[in-house]
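**Q** One structure, as structure tokens, below. Some questions next.
Values in this text are rule-based calculations from the coordinates and carry no lab data. The structure presented is a predicted model; accordingly, all values stated were derived computationally and were not measured. Positions of Cβ are generated from backbone atoms using ideal geometry, with glycine treated the same way; all protein chains shown enter the neighbour counts.
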Amino acid sequence: MKSVISGTTKLYGVVAHPIEHVRVQALFNPYFDKHDMDAVFIPIHVPPEGAAAAMDGFRRMKNLNGLVITVPHKMAFMTLVDELMPTARLAGATNIIRPEADGRWIGTNLDGMGFVGGLRDKIFPPEGKSFLLVGTGGAGSAIAATLVQSGIARLTIADVLRGKAEALAARLRAAVPDVPVDVVAANPDPAGYDVAINATPLGMHDGDPLPFDPAKLEGDTVVAEVVQAPPVTRLLHEAAARGFRVLQGGNMLDYQFIEMAKFFHAAA
């Protein structure tokens with residue numbers, strides 16, 4: 001990490017609650033050092049009730065050049081910026097924002113691109129595949145939006161808040177009517193899908209319940225996570241122990257990192 005921080009140093013950060021699990025700073029700071037950039041990336045701990053006040057403060061920081069937005073703020077910050085790019089509007093969430101020269105803040109969502117990039121590189125392309133997605137928060141909604149635009153065969157989504165899942169499904173069907181999108185109850189049966197994705201926070205903490213029962217997996221289903229820490233959640237451990245291929249949550253960040261740098265106008 002940069003050893004000398006001066007008045008000219010550009011500031012970037014990641015906004016989260018809790019903060020201990022974030023790892024994007026471990027990608028950006030070495031990147032800044034490698035390319036001799038006068039910049040630093042820090043974690044910023046903001047509780048949910050403080051999001052609006054924090055954004056008001058961010059607007060007044062003239063050396064703040066961009067923020068990654070993560071759990072639980074991706075939907076809240078969508079309403080706190082001045083403009084959303086199409087991917088964020090379809091997802092209903094933003095995971096990265098930046099200030100413009102005129103003082104406006106804009107946001108987009110790169111989670112879906114990161115997930116699909118990791119899947120394509122590590123496992124197989126999404127085209128023609130069937131997907132089960134559990135969780136329609138910021139990451140889940142972004143993944144769903146990217147999947148339906150990637151030539152998949154069908155998508156089934158589930159959430160404990162069924163109304164959220166139904167609202168997301170309606171947006172996806174309107175945007176890409178050729179892809180069947182179904183909504184099922186929480187704790188769904190993962191059998192019969194090419195990929196089953198946990199897009200909930202379940203797995204971050206010991207004792208969390210499972211988003212679906214890995215004992216019901218069959219065939220060649222791939223089990224994927226969005227949880228980054230721990231890198232191998234209980235779900236992935238149990239799926240792998242049964243012989244199923246798994247995709248760790250950290251891939252989603254790794255495969256969107258350079259696009260984040262480009263969005264920040266910080267690419268080398």
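**Q** Give the range 190-213 a look and list any residue that's outside any loop (DSSP other than H, G, I, E, B) and touching a Gly at 6+ places or on another chain (Cβ under 8 Å), or say none.
**A** Of everything in the range 190-213, those that are outside any loop (DSSP other than H, G, I, E, B) and touching a Gly at 6+ places or on another chain (Cβ under 8 Å) turn out to be Ile197, Asn198.
**Q** Right, something else. Here's a check for you: in the range 1-38, which residue that is of a type in the set (Gly, Ala, Ser) and surrounded by 14 or more Cβ atoms within 10 Å (Cβ to Cβ) is farthest from Val71 (Cα to Cα)?
**A** Result: Gly13.
**Q** Separate question: Do you know which residues across the range 81-92 are in contact with a Phe, Trp or Tyr (Cβ under 8 Å, 6 or more places away or on another chain) and either surrounded by 15 or more Cβ atoms within 10 Å (Cβ to Cβ) or under 28 Å from Leu155 (Cα atoms) (or both)?
**A** Residue satisfying the conditions is Val81 alone.
**Q** Can you pull out every residue in the range 94-112 that is crowded, with 23+ Cβ neighbours inside 10 Å and more than 16 Å from Met252 (Cα to Cα)?
**A** Those that are crowded, with 23+ Cβ neighbours inside 10 Å and more than 16 Å from Met252 (Cα to Cα): Ile97, Gly107.
**Q** Taking into account only those residues within the range 135-153 that are within 11 Å of the chain's Cα centre (by Cα) and of a type in the set (Gly, Ala, Ser), which is nearest to Asn198 (Cα to Cα)?
**A** Looking at residues that are within 11 Å of the chain's Cα centre (by Cα) and of a type in the set (Gly, Ala, Ser), I get Gly140.
**Q** If you don't mind, there's one more thing I want to ask. Return the total of residues in the range 214-245 being in a loop (DSSP other than H, G, I, E, B), more than 22 Å from the chain's Cα centre (by Cα) and more than 16 Å from Leu133 (Cβ to Cβ).
**A** Residues that pass the stated criteria total 6.
**Q** Looking at Asp178, Asp206, which one is of a type in the set (D, E, K, R) and closer than 24 Å to Leu253 by Cβ?
**A** Within the list Asp178, Asp206, the selection yields Asp206.
**Q** I've got another one for you. Is it the case that some residue within the range 115-134 is surrounded by 24 or more Cβ atoms within 10 Å (Cβ to Cβ) and part of a helix (DSSP H, G or I)?
**A** Yes, the range 115-134 contains at least one residue that is surrounded by 24 or more Cβ atoms within 10 Å (Cβ to Cβ) and part of a helix (DSSP H, G or I).
**Q** Step by step: first the residues of the range 136-181, then only those that are polar (S, T, N, Q) and assigned to a helix (DSSP H, G or I), then the one that is nearest to Gly117 (Cα to Cα). Which residue is that?
**A** So, considering only residues that are polar (S, T, N, Q) and assigned to a helix (DSSP H, G or I), the one nearest to Gly117 (Cα to Cα) is Thr146.
**Q** Ala196 fails exactly one of the following numbered conditions: (1) under 20 Å from Arg162 (Cα atoms); (2) out of contact with any Pro (no Cβ under 8 Å at 6 or more places or on another chain). What is the number of that condition?
**A** Failed condition: (2).
**Q** With the requirement that a residue be assigned to a loop (DSSP other than H, G, I, E, B) and under 30 Å from His205 (Cβ atoms), what does the range 1-47 give you?
**A** Selection gives Met1, His17, Pro18, Ile19, Glu20, His21, Val22, Arg23, Val24, Val46, Pro47.
**Q** Are any of the residues in the range 188-195 within 19 Å of the chain's Cα centre (by Cα) and of a type in the set (Asp, Glu)?
**A** No.
**Q** Sort through Gly66, Gly50 and tell me the only one that's among the small types (Gly, Ala, Ser) and either closer than 20 Å to Glu259 by Cβ or in a loop (DSSP other than H, G, I, E, B) (or both).
**A** Among Gly66, Gly50, only Gly66 is among the small types (Gly, Ala, Ser) and either closer than 20 Å to Glu259 by Cβ or in a loop (DSSP other than H, G, I, E, B) (or both).
**Q** Taking Ile19 as the residue in question, decide whether it is closer than 18 Å to Arg98 by Cα and of a type outside the set (Gly, Ala, Ser).
**A** Criteria not met by Ile19.
**Q** Only one of Ala229, Ala215, Ala241 is among the aliphatic types (A, V, I, L, M) and without any contact (Cβ under 8 Å) to a residue 12 or more places away in the chain. Can you tell me which?
**A** Only one candidate qualifies: Ala241.
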